[in-house]
Amino acid sequence: MSRLIDGKKFADSLCNKISKEVSKLKEKNVIPGLAVIRVGEDPASTVYINMKAKKTKEVGMHSVTKILDEKTSGDDLLNVVEELNIDESINGILVQLPLPKQINEDSVINAINPDKDVDGFHAINTGRLWSSIDSLVPCTPLGCKMLLLNELKDLTGKKAIIVGRSNIVGKPMAALLIGESCTVTVAHSKTKNLQDEVKKNDIVVAAVGVPEMIKGSWIKPGATVIDVGINRIEKDGKKKLVGDVEFSEAAKVAGAITPVPGGVGPMTIACLLHNTLVATCRKNNLEIPKFF
Ligand code: GUN
């Protein structure tokens with residue numbers, strides 16, 4: 001049986017460290033502020049942004065939540081983003097995705113001041129990440145990297161495969177693993193012989209959004225498996241949360257594996273607070289604490 005990578009414990013510990021740094025900043029009269037915008041009433045988005053606001057307050061940061069009507073126009077949302085861009089009490093801005101279809105997501109993301117873009121989705125931050133320039137890094141891949149470094153210490157020379165090529169997870173994850181000197185494969189829905197590709201790798205990051213798609217038999221013995229998937233399914237009449245990896249079988253083969261829930265999920269919010277702290281330190285020319 002493989003080692004279980006406890007993302008909840010790691011995220012709690014990271015939030016504690018962030019909270020201590022926030023206390024030190026307050027002694028310098030600096031209070032990190034995070035603004036989260038939700039447009040419409042999507043139930044999942046509502047749950048996520050409530051969790052984000054709660055954790056923001058728990059670590060002692062200033063939290064602002066803006067809830068806009070489902071029918072809000074792109075221009076009205078851009079005006080709210082611009083207000084927050086110039087608001088001195090706000091260091092991080094997050095617009096919860098997906099947005100209603102009348103709004104162009106790219107234009108909104110790229111209207112956020114890149115230095116307040118704590119999601120790390122702005123084209124400037126994407127460019128910085130791929131050019132190895134200090135940037136704000138997308139939260140979920142950053143959380144995966146922290147868990148991998150904590151588990152393996154040094155990733156140099158490891159063969160890593162990312163299954164999924166989204167802008168939010170797959171692509172930035174590839175940049176981060178290249179940065180750690182891994183040999184990286186990015187697989188996706190058109191990849192041929194996916195199971196053979198997966199089997200060659202020491203690290204597997206699953207981010208396809210398909211419940212239990214990556215089978216246990218595809219995993220190289222001893223590999224480290226990071227499961228980004230959060231899929232709600234019904235099994236034997238019961239509602240269940242499962243990842244993109246067939247956990248029960250993969251856990252028999254892998255060296256270490258993240259569970260769902262309790263693996264990558266809690267890391268995303270912890271990394272959002274981490275990024276807000278980083279943005280605040282950069283803005284105030286203060287040293288950025290190193291947590292990993
Ligand atoms: N929707 C689902 N995940 C995310 C995320 O990481 N950031 C934003 N802004 N929206 C999301």
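Between residue 197 and residue 153, how many nm apart are label points set 7 Å from Cα along the C-beta direction?
3.2 nm
Cα-based Rg (one decimal) and Dmax (whole number) for the range 217-270, in Å?
Radius of gyration, then largest Cα-Cα span, for the range 217-270: 11.9, 34 Å.
Within the range 162-268, which trypsin sites (Lys or Arg not before Pro) sit in a loop by DSSP and count at most 16 neighbouring Cβ atoms inside 10 Å?
Those that pass, being in a loop and sparsely packed, are 190, 192, 200, 215.
Any idea which of 262, 187, 140 is furthest toward the positive side of the dipole for the range 125-268, if Lys and Arg beta-carbons carry +1 and Asp and Glu beta-carbons -1?
Farthest along the dipole direction, towards plus: 187.
Quick one: give the max-minus-min coordinate of the C-alpha atoms of the range 110-206 along each principal axis, largest first, in Å.
So the three principal-axis extents are 42, 32, 19 Å.
Take the Cβ-Cβ distance between residue 124 and residue 16 as r, set R0 to 35 Å, and report the resulting FRET efficiency rounded to the nearest 0.05.
0.65
Compute the signed sum of charges (Lys and Arg +1, Asp and Glu -1) over the other residues within less than 13 Å, Cβ to Cβ, of residue 82.
Result for the neighbourhood of residue 82: -2.
To the nearest µm²/s, what D does Stokes-Einstein give for the range 1-92 at 4 °C and 1.567 mPa s, using the Kirkwood radius over alpha carbon pairs as Rh?
85 µm²/s
Angle, helix 170-179 long axis vs. longest principal axis of the chain, Cα atoms, 0 to 90°, nearest 10?
80 degrees
Add +1 for every Lys or Arg and -1 for every Asp or Glu among the other residues with Cβ under 12 Å from the Cβ of residue 30, and state the total.
Values: positive: 24, 26, 28, 282, 283; negative: 21, 27, 88.
Net of charged neighbours comes to +2.
Which angle between 0 and 90 degrees, to the nearest 10, do you get for helix 74-85 versus the longest principal axis of the chain when only C-alpha atoms count?
Approximately 80 degrees, to the nearest ten.
Convex hull volume of the Cα atoms in the range 59-108, per residue, in Å³? Please list the in-between numbers first.
Working: hull volume 4.3 nm³, N = 50.
With only Cα atoms used, the range 59-108 gives 87 Å³ per residue.
Output the 0 to 90 degree angle, nearest 10, between the alpha-carbon long axis of helix 7-27 and the longest principal axis computed from the alpha carbons of the chain.
Relative to the chain, helix 7-27 is tipped by roughly 20 degrees.
Over the Cα atoms of the range 118-266, what is the Rg over Rh ratio if Rh follows Kirkwood?
Reported Rg/Rh (Cα atoms, Kirkwood Rh): 0.96.
Would you mind getting me the FRET efficiency between residue 28 and residue 104? Use the beta-carbon distance for r and R0 = 41 Å, nearest 0.05.
Computed FRET efficiency for residue 28 and residue 104: 0.55.
Relative contact order, percent, of the chain when contacts are C-alpha pairs under 8 Å separated by at least 6 residues?
Relative contact order for the chain comes out at 21 percent.
Bin all alpha-carbon pair distances of the chain at 5 Å intervals from 0 and give each bin's fraction as a whole percent.
P(r) for the chain, in whole percents per bin: 1, 5, 12, 16, 18, 16, 14, 10, 5, 2, 0, 0.
For the range 1-120, what relative contact order do you get, as a whole percent, if you take Cα pairs closer than 8 Å and at least 6 residues apart?
Relative contact order, the range 1-120: 28 percent.
State the dimensionless ratio Rg/Rh of the range 206-246 (Rg: radius of gyration of Cα atoms; Rh: Kirkwood radius).
Ratio of gyration radius to Kirkwood radius for the range 206-246: 1.02.
Using only DSSP helix segments of four residues or longer, with each worth -39500 (n - 2.57), what per-residue ellipticity at 222 nm results for the chain after dividing by its residue count and rounding to 500?
Values: 10 runs with 118 residues, N = 292.
Taking each H run of at least 4 residues, the total per residue is -12500 deg cm²/dmol.
With a cut-off of at most 14 other beta carbons within 10 Å, and DSSP calling the residue loop, which trypsin sites (Lys or Arg not before Pro) in the range 62-106 qualify? Please list them.
Numbers: sites: 66, 71, 101; in loops: 71, 101.
Of the trypsin sites (Lys or Arg not before Pro), the ones in loops of the range 62-106 whose Cβ has at most 14 other Cβ atoms within 10 Å are 71, 101.
Based on DSSP, what percent of beta bridges with both residues in the chain are antiparallel, to the nearest 5?
Here the share of antiparallel DSSP bridges comes out near 15 percent.
How much area per residue is accessible in the chain when the probe is 1.4 Å and only protein heavy atoms are counted (Å²)?
Here the per-residue accessible area is 48 Å².
Starting from the 7 Å offset along Cα-to-Cβ, what nm value, one decimal, do you get for the label separation of residue 238 and residue 131?
5.2 nm
P(r) of the range 126-174 in 10 Å steps, Cα pairs, percent per bin?
Bin by bin from 0 Å, the calculated values are 24, 55, 21.
What is the dipole size for the chain, taken about its Cα centre, with +1 at each Lys and Arg Cβ and -1 at each Asp and Glu Cβ, in debye to the nearest 20?
Working: 39 positive and 35 negative charges, 201 e Å.
Here the size comes out at about 960 debye.
Counting alpha carbon pairs within less than 8 Å and at least 6 residues apart, what relative contact order, in whole percent, applies to the range 141-292?
On the way: 285 pairs, mean separation 30.0, N = 152.
This gives 20 percent for the range 141-292.
List the cysteines in the chain whose Cβ has no other cysteine Cβ under 4.7 Å from it.
Those would be 15, 144, 182, 281, since no other cysteine Cβ in the chain comes under 4.7 Å of theirs.
Estimate the FRET efficiency between residue 284 and residue 79 by the formula 1/(1 + (r/R0)^6), using the beta-carbon distance for r and 35 Å for R0, to the nearest 0.05.
0.85
How large is the translational diffusion coefficient of the range 26-141 in µm² per second when you combine the Kirkwood radius over alpha carbon pairs with Stokes-Einstein at 25 °C and 0.890 mPa s?
167 µm²/s
Where does the charge balance sit around residue 250 when Lys and Arg score +1, Asp and Glu -1, over other residues with C-beta under 13 Å from its C-beta?
Computed value for this residue: 0.
The values are calculated or read from the model by the stated rules, or taken from the named source; none is laboratory data. No experiment lies behind these values; they were computed from the predicted model shown. Ideal geometry is used to build each Cβ from the backbone, glycine not excepted, and the neighbour counts take in all protein chains shown. Surface accessibility is based on the protein's heavy atoms, side chains included, excluding ligands, DNA and RNA. Shrake-Rupley method; radii C 1.70, N 1.55, O 1.52, S 1.80 Å.
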